[in-house]
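A.B. asks: My structure is below; once you've seen it, I'll send some questions.
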Amino acid sequence: MPILIDRRKFLCAAGAAGLLAKTLPAKPERLRWSLLSDTHVSQDPEFANRGFFPARNLKTVVGQVTASRWNQQVINGDLALRLGQTADYQRFMELTRPLIAAAPLALSLGNHDDRINAIAALGAKNVVAGKWVSTFEAPPFQIVVLDSLYLTNQGAGLLGKAQRDWLTKFLDQHADKPTLVFVHHTLDDSDSSLLDADRFLKIVTPRRQVKAVFYGHSHAYHYGVEDGLHLVNQPAVGYNFDDDQPIGWLEFEFDAADARITLHAIGGNQDLNGQTKLLKWR
Ligand SMILES: [Zn+2]
């Protein structure tokens, strides 16, 4: 079963009554995506960290997500607990089966994934310069899912020159399309963040068609903006590192003008549960 990029296009539903349809161009409906990150699934379904059970959390989130209809779903890295073992991915597949059945699911790799095991277990097909990179269309948007895995079970991430060069070329070849980028690692100057974050930001920030970068890794929920480019830090599904942070997922509803992102917190700090953030695209 193709679990990564089902290139199904979600064209606008006609929807309107016949008379209206004759007089007005069909208005594209807003896209609805579910965004998950840092599931940290262990082969052991009872594995716990800081009192959180990643497998139970993922089951809860999958139940919430599959209660609605989505155009697309994304899980932004650290799919596996720590080492990216094949049995972790088998458990991950078992837990995410209802998502896969519901809508296309795009995956990225994090520092707790193993590229060879993940590609073998999950059936990845899109490899750029040895990295697992996906692109797909969500009209009018195009989506780029990068691979920042450097060394499994080490904090830091790296895109590397070949992937950065590919990204530059890809964006320049598709400069007319609004673009969303997904990458696992945080973009600050910490030694455990994306080591080439500066060089990455120098590529995406001046290319105005890139509207937002979504990332995980910190197990924190946070928004930033740089020259109009939105930087969205997705919360973790598996566990938090800090009691102040929620566990959960994001509902992302958007069109060519703006986006609304709603937090669905299932654990940790749930103060912001249900709150919606409005992002205007640059
Ligand atoms: Zn993580």
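The values are calculated or read from the model by the stated rules, or taken from the named source; none is laboratory data. This structure is a prediction, so every number in the text was calculated from the model and none was measured. All Cβ positions, even for glycine, are placed from backbone atoms using ideal geometry, and neighbour counts span all protein chains on display.
A.B. asks: So W70 fits all but one of (1) part of a loop (DSSP other than H, G, I, E, B); (2) farther than 30 Å from A175 by Cβ; what number is the exception?
C.D. replies: Checking W70 against (1) part of a loop (DSSP other than H, G, I, E, B); (2) farther than 30 Å from A175 by Cβ, the one that fails is (2).
A.B. asks: Which residue pairs have Cβ atoms closer than 8 Å, lie 6 or more positions apart in sequence or on different chains, and pair a first residue in the stretch 102-131 that is acidic (D, E) and assigned to a loop (DSSP other than H, G, I, E, B) with a second residue that is buried (at least 22 other Cβ atoms within 10 Å of the Cβ) and at pLDDT 95 or above?
C.D. replies: Pairs that qualify, where the first residue is acidic (D, E) and assigned to a loop (DSSP other than H, G, I, E, B) and the partner is buried (at least 22 other Cβ atoms within 10 Å of the Cβ) and at pLDDT 95 or above, are D113/G77; D113/D78; D113/L79; D113/A80; D113/G84; D113/L149; D114/A80; D114/G84.
A.B. asks: Any idea which of (1) at pLDDT 95 or above; (2) of a type in the set (G, A, S); (3) out of contact with any strand residue (DSSP E or B) (no Cβ under 7 Å at 6 or more places or on another chain) is the one S148 doesn't satisfy?
C.D. replies: Unmet condition: (3).
A.B. asks: If you don't mind, another one. Looking at the stretch 38-91, which of its residues are on the phi < 0 side of the Ramachandran plot, touching a residue at least 60 places away in the same chain (Cβ under 8 Å) and among the charged types (D, E, K, R)?
C.D. replies: Listed by number, the list holds a single entry, R82.
A.B. asks: Taking T186 and the conditions (1) surrounded by 22 or more Cβ atoms within 10 Å (Cβ to Cβ); (2) in contact with a His (Cβ under 8 Å, 6 or more places away or on another chain); (3) over 20 Å from L107 (Cα atoms), which numbered condition does it fall short on, given that it satisfies the others?
C.D. replies: Evaluating T186 over (1) surrounded by 22 or more Cβ atoms within 10 Å (Cβ to Cβ); (2) in contact with a His (Cβ under 8 Å, 6 or more places away or on another chain); (3) over 20 Å from L107 (Cα atoms) leaves (3) as the failure.
A.B. asks: With the requirement that a residue be more than 11 Å from the chain's Cα centre (by Cα) and part of a strand (DSSP E or B), what does the stretch 138-152 give you? I'd like the intermediate steps shown before the answer.
C.D. replies: Here is the first cut: in the stretch 138-152, the residues more than 11 Å from the chain's Cα centre (by Cα) are 138-142, 147-152.
A138, F141, Q142, L149 - these are the residues of the stretch 138-152 that are more than 11 Å from the chain's Cα centre (by Cα) and part of a strand (DSSP E or B).
A.B. asks: Can you work out which of the residues in the stretch 97-117 that are among the polar types (S, T, N, Q) and within 16 Å of the ligand (Cβ to nearest atom) is surrounded by the most Cβ atoms within 10 Å (Cβ to Cβ)?
C.D. replies: Kept after step one, since they are among the polar types (S, T, N, Q), are these residues of the stretch 97-117: 108, 111, 117.
Next cut, within 16 Å of the ligand (Cβ to nearest atom) only: 108, 111.
Values: S108: 28, N111: 23.
Among those that are among the polar types (S, T, N, Q) and within 16 Å of the ligand (Cβ to nearest atom), it is S108.
A.B. asks: Do we have any residue at all in the stretch 153-167 that's farther than 14 Å from S108 by Cα, part of a loop (DSSP other than H, G, I, E, B) and away from the ligand (no atom under 16 Å from the Cβ)?
C.D. replies: Yes, there is a match, as at least one residue in the stretch 153-167 is farther than 14 Å from S108 by Cα, part of a loop (DSSP other than H, G, I, E, B) and away from the ligand (no atom under 16 Å from the Cβ).
A.B. asks: For residues that are within 15 Å of the ligand (Cβ to nearest atom) and of a type in the set (G, A, S), scanning just the stretch 64-88, find the one that is nearest to L109 (Cα to Cα).
C.D. replies: G77
Here's the yes/no breakdown for (1) surrounded by 14 or more Cβ atoms within 10 Å (Cβ to Cβ); (2) free of Cβ contacts under 8 Å to residues at least 24 places away in the same chain; (3) within 16 Å of the ligand (Cβ to nearest atom); (4) part of a loop (DSSP other than H, G, I, E, B):
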{"site": "R208", "(1), (2), (3), (4)": "yes, no, no, yes"}
{"site": "A212", "(1), (2), (3), (4)": "yes, no, no, no"}
{"site": "H219", "(1), (2), (3), (4)": "yes, no, yes, yes"}
{"site": "Y223", "(1), (2), (3), (4)": "no, no, no, no"}
{"site": "N240", "(1), (2), (3), (4)": "yes, no, yes, yes"}
{"site": "G248", "(1), (2), (3), (4)": "yes, no, yes, no"}
{"site": "A259", "(1), (2), (3), (4)": "yes, no, no, no"}
{"site": "A265", "(1), (2), (3), (4)": "yes, no, no, no"}
